[in-house]
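The values are calculated or read from the model by the stated rules, or taken from the named source; none is laboratory data. Because the structure is a prediction, the values reported are computed rather than measured. Positions of Cβ are backbone-derived with ideal geometry, glycine not excepted, and every protein chain shown enters the neighbour counts.
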């Protein structure tokens, strides 16, 4: 502790005899509220004109500019012209095509360029090896080709011969990066056991091994069915779990990235679409993000999954993680999921060691009811 003001009789003290300590503040001086770190605050305190423009505002501006009618602007320009004036130019800015490319999604950009319609002949994505602009997903195409070669389809034989090239896997991943906003995402998932259904399939097959008469038709149909209805827009005031998750996923992603930038050098999030397993071609997963960095210690890339549960929307995220529905548990200073939690199967689907324990049951379920429905539906089923 610091001594009082030195007197004439004070003498210097040796360094080894110094005792430096920090006193605790009295209870009256303690902070009355918990401190929120700056990287966790999703608010820009700067003046509105100095704030960073959000991606939603950029998209909205681009759509408003694209909606301007060239003809109406040309007519108004002609009316106000003098004799010496030059001919009127297009009312839309020259930079509009670049804005569409940067801020509009592929489907939206195609519709805007074609006045609100997406022509089947004029692809939103282009054409590459027949994987795009198809009415049937990649697995449905494989099934249709197999059924043309044989009159007596066999599920086990089909699975043994089923393979996807690196080019096909990369193409499907590329065209499905927009996930629920992209029709190809719904289409190419048909027939695959996805990460979100891994726990249900594993539990159902375990029950089938004990009770062979147990019905699995509903679960098998959900895997083989292509959803007709798509989410067109996110509600401003979500009132159901789906809309709540879609609305808050971007906020969760931004908060996670802000924290990771303080922990890793040049941390970034890589966007991924629907990824098909090459070793087990009946399994696929939609990865939210992959976190990578340029740290000197060469940190490994991490798969990131975001969850915004509707039932725990009023709880602190750390409290919601430890609830029974999420299945979280605190081990010392680290938080982890229980092995029997539903989300544990979903986030560990990319872990080879864990999947070796469950892939046998997943394959057994896919060969029996799923493949049979795919053969009966000739590659795809609709609701």
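Restricting the search to segment 271-319, which residues are surrounded by fewer than 12 Cβ atoms within 10 Å (Cβ to Cβ) and under 24 Å from residue 200 (Cβ atoms)?
279
Tell me which residues, restricted to segment 181-196, are part of a helix (DSSP H, G or I) and either surrounded by 18 or more Cβ atoms within 10 Å (Cβ to Cβ) or not assigned by TED's automatic domain parsing to the domain that holds residue 370 (or both). Lay out the reasoning, then the answer.
Filtering segment 181-196 down to residues part of a helix (DSSP H, G or I) leaves 181, 183-188, 195-196.
Passing the criteria: 184, 185, 186, 187, 188, 195.
Considering 275, 329, which residue is in contact with a strand residue (DSSP E or B) (Cβ under 8 Å, 6 or more places away or on another chain), free of Cβ contacts under 8 Å to residues at least 24 places away in the same chain, assigned by TED's automatic domain parsing to the domain that holds residue 206 and not in a loop (DSSP other than H, G, I, E, B)?
Testing whether each residue is in contact with a strand residue (DSSP E or B) (Cβ under 8 Å, 6 or more places away or on another chain), free of Cβ contacts under 8 Å to residues at least 24 places away in the same chain, assigned by TED's automatic domain parsing to the domain that holds residue 206 and not in a loop (DSSP other than H, G, I, E, B) leaves just 329.
Is one or more of the residues making up segment 359-379 modelled with pLDDT under 80, crowded, with 17+ Cβ neighbours inside 10 Å and over 22 Å from the mean Cα position of the chain (by Cα)? So that I can check it myself, show each step before the final result.
Taking segment 359-379 and keeping what is modelled with pLDDT under 80, we get 377-379.
Next, from what is left, pick out any that are crowded, with 17+ Cβ neighbours inside 10 Å: 377, 379.
Narrowing further to those that are over 22 Å from the mean Cα position of the chain (by Cα): 377, 379.
Checked against the condition, which is being modelled with pLDDT under 80, crowded, with 17+ Cβ neighbours inside 10 Å and over 22 Å from the mean Cα position of the chain (by Cα), segment 359-379 yields at least one hit.
Test residue 267 against the stated conditions and say whether it is closer than 28 Å to residue 59 by Cα, at pLDDT 90 or above and in the same structural domain as residue 192 (by TED's automatic domain parsing). Working first, answer last.
On the way: closer than 28 Å to residue 59 by Cα: yes; at pLDDT 90 or above: yes; in the same structural domain as residue 192 (by TED's automatic domain parsing): yes.
So residue 267 passes the test.
What are the residues in segment 141-177 that are over 13 Å from residue 275 (Cα atoms) and not in a helix (DSSP H, G or I), if any? So that I can check it myself, show each step before the final result.
Initial filter on segment 141-177 (over 13 Å from residue 275 (Cα atoms)): 141-163.
Selection gives 150, 151, 152, 153, 154, 162, 163.
Would you pick out the residues in segment 290-303 that are outside any loop (DSSP other than H, G, I, E, B) and at pLDDT 90 or above?
Of segment 290-303, the ones outside any loop (DSSP other than H, G, I, E, B) are 290-292, 302-303.
Selection gives 290, 291, 292.
Rundown of residues vs (1) modelled with pLDDT of 85 or more; (2) within 21 Å of residue 219 (Cα to Cα); (3) over 18 Å from the mean Cα position of the chain (by Cα); (4) not in a strand (DSSP E or B), yes/no style:
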site	(1), (2), (3), (4)
309	yes, no, no, yes
323	yes, no, yes, yes
340	no, yes, yes, yes
345	no, yes, no, yes
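Quick check: anything in segment 230-252 under 14 Å from the mean Cα position of the chain (by Cα), at positive phi and assigned to a helix (DSSP H, G or I)?
No, because not a single residue in segment 230-252 is under 14 Å from the mean Cα position of the chain (by Cα), at positive phi and assigned to a helix (DSSP H, G or I).
Among the listed residues 195, 267, which satisfies the condition of being touching a helix residue (DSSP H, G or I) at 6+ places or on another chain (Cβ under 8 Å), within 22 Å of residue 321 (Cα to Cα) and touching a residue at least 24 places away in the same chain (Cβ under 8 Å)?
Working: 267 fails: within 22 Å of residue 321 (Cα to Cα).
Going through 195, 267 in turn, the sole match is 195.
Matching residues to (1) touching a strand residue (DSSP E or B) at 6+ places or on another chain (Cβ under 8 Å); (2) free of Cβ contacts under 8 Å to residues at least 40 places away in the same chain; (3) within 21 Å of residue 288 (Cα to Cα):
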| position | (1), (2), (3) |
| --- | --- |
| 184 | no, no, yes |
| 187 | yes, no, yes |
| 201 | yes, no, no |
| 214 | no, yes, no |
| 220 | no, no, no |
| 236 | no, yes, no |
| 244 | no, no, yes |
| 259 | no, no, yes |
